[in-house]
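A short reminder: the numbers here are calculations on the coordinates, not readings from a lab. Since this is a predicted model, take the numbers as computed values, not measurements. Neighbour counts are summed over all protein chains in view; Cβ atoms, including those assigned to glycine, are modelled from backbone coordinates with ideal geometry.
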Amino acid sequence: QVDFANPVGFSGLPSDFESVLLSSGIERDEAVENAQAIMDILNNQYKGAHEKPVQIAGLRRSPRPAATGDREASRKLNIPLDQANKDIFKLEDPRKYYHSIVKIGQGSYGSVYKASDARKKKVIAIKTVKPSDEEAWDVVTYETNMMRSIQHQNLVHCYEAFKFSERAWIVMEYMDAGSLTDVIEYLDTCGLGFDECHIAYILKNILQGLLCLHSRGKIHRDVKSDNVLLGLDGSVKLADFGFCTELTDPRAKRNTVIGTPFWMAPEVIRGQKYGTKCDIWSTSILAIECAEAQPPWVKETAMRAMFLIATNGPPRLKDKGAWSAEFNSFMERCTELAPAKRASAEELLAHPFLAKSSTKTDMARIFRAAYQE
Ligand code: ATP
């Protein structure tokens with residue numbers, strides 16, 4: 001039995017599991033059983049996960065929730081890295097080819113720079129990572145191969161990579177309008193928001209990128225506005241393949257708990273086997289960010305948010321009546337609790353909501369306005 005008064009000592013967890021579960025229409029017996037199962041998962045998987053409340057509202061470049069999960073453990077992938085994989089890194093000084101290097105960002109695993117490519121006369125982005133040991137190098141090598149092997153208009157492409165001064169230097173296409181998070185925060189600060197046609201445009205582009213990954217048996221696992229990069233020409237691309245994983249057998253499902261809490265699908269939080277459909281759930285949370293500026297449960301601690309996602313039923317737009325029937329129906333198709341019933345990227349690309357998509361030129365206007373701010 002769960003001790004509802006004092007579940008397991010996580011400061012972020014609710015002390016009233018029973019009422020949360022009952023109020024979401026779950027029968028008492030099932031509520032107790034679910035609470036126990038989820039507690040066990042949270043207890044085992046998330047010990048030490050950051051539990052600070054996350055504040056996002058209205059603040060430009062405010063702290064963003066970080067991805068959770070053991071990135072390296074997730075990579076014990078039964079995919080042996082042979083010499084061909086390792087050859088992806090050129091053993092030269094990348095500064096021979098790239099100059100005017102300026103730091104533009106800092107992630108949890110490395111820094112990102114903007115630089116000029118002297119040979120091709122264009123601006124590129126370089127991510128540098130300093131792996132701590134051989135195993136960490138395998139992780140970076142795996143990720144770099146993944147990025148190099150896929151070329152799609154909606155996925156940030158990797159041009160080449162170097163191993164130099166104990167670092168991996170990953171040269172990528174430079175996305176000159178920043179991240180979707182920046183644009184959402186800019187609009188929110190101005191008291192504005194995207195129209196449905198803009199949301200449809202963004203989702204269409206992301207789903208095209210996901211379809212490319214999914215059809216190759218790959219799951220992104222960290223779809224969120226921070227990982228959507230934009231171009232001043234109106235382009236929208238999915239970035240950060242850091243948590244991307246491969247399903248070696250098309251029927252295989254993974255059960256490593258990984259992602260960023262607010263965007264995580266319930267089956268991922270529960271530690272159940274999951275497949276490509278977890279990216280579809282996260283895409284619906286991305287849609288909510290576009291519509292409401294924030295993902296659901298963002299004022300909660302990461303732990304409590306995960307509990308609520310796993311128990312509270314599908315997320316919905318707060319003011320359903322303010323949005324079209326097509327948008328509401330799109331959300332329902334993305335947030336079916338049973339992954340088998342949830343729509344695939346291919347099915348969603350045919351959904352009538354995406355027919356409302358605005359044009360690249362329209363989006364370019366919005367991205368430029370946010371960029372200039
Ligand atoms: P984490 O690695 O923890 O998920 P993150 O996604 O913020 O965090 P990075 O992917 O390292 O970290 O990115 C750091 C910053 O650099 C972000 O602001 C991101 O928008 C920017 N950035 C990353 N890649 C590019 C790119 N190809 N073009 C332009 N900006 C980029």
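Taking 24 Å as the straight-line reach from the Cα of Lys320, the lysines in range (excluding those fewer than 8 positions away in the same chain) are Lys204, Lys224, Lys277, Lys299, Lys341, Lys356. With Cα atoms defining each centre, segment 196-229 and segment 338-364 are spaced 10 Å apart in the structure. Counting only C-alpha contacts under 8 Å and six or more residues apart, can you give the relative contact order of segment 315-359 as a whole percent? Taking the mean separation of contacting Cα pairs over the length of segment 315-359, I get 33 percent. If the segment from Val123 to Arg148 were pulled out straight at 0.36 nm per residue, it would be longer than the present Cα-Cα gap by 7.2 nm. R0 = 25 Å: FRET efficiency of Ala325 with Glu346, Cβ-based, nearest 0.05? Efficiency computed from Cβ-Cβ geometry: 0.70.
Projected label points at Ala338 and Ser165, each 7 Å from Cα along the beta carbon direction, are separated by 5.6 nanometres.
The peptide list 355-367, 315-327, put in order of mean Cβ contacts within 10 Å with the highest first, becomes 355-367, 315-327. Any of Lys90/Lys127; Lys86/Lys120; Lys121/Lys163; Lys96/Lys163; Lys130/Lys218 with alpha carbons more than 19 Å apart? Name them for me. Those over the limit are Lys86/Lys120; Lys121/Lys163; Lys130/Lys218.
Extending 7 Å from Cα along the Cβ direction at Gln106 and again at Tyr371 yields two label points whose distance is 2.5 nm. In order along segment 164-174, the phi-based Karplus estimate (6.51 cos²θ - 1.76 cosθ + 1.60, θ = phi - 60°) of 3J(HN,Hα) comes to 8, 6, 6, 10, 8, 10, 9, 8, 10, 5, 8 Hz; Gly and Pro are listed as x. Database remark: amide H of Leu155 closer than 5 angstrom to the amide H of Leu238 (H placed geometrically; neighbours at sequence offset of 5 or more, or on other chains; Pro and chain starts carry no H). Each Lys and Arg contributes +1 and each Asp and Glu -1, all at the Cβ; summed about the Cα centre of segment 80-222, the dipole is approximately 600 debye.
Summary of packing: across the peptides 339-345, 278-284, the per-residue average of other C-beta atoms within 10 Å ranks them, highest first, as 278-284, 339-345.
Between Ala355 and Glu292, residue separation times 0.36 nm minus the direct Cα-Cα distance comes to 20.6 nm.
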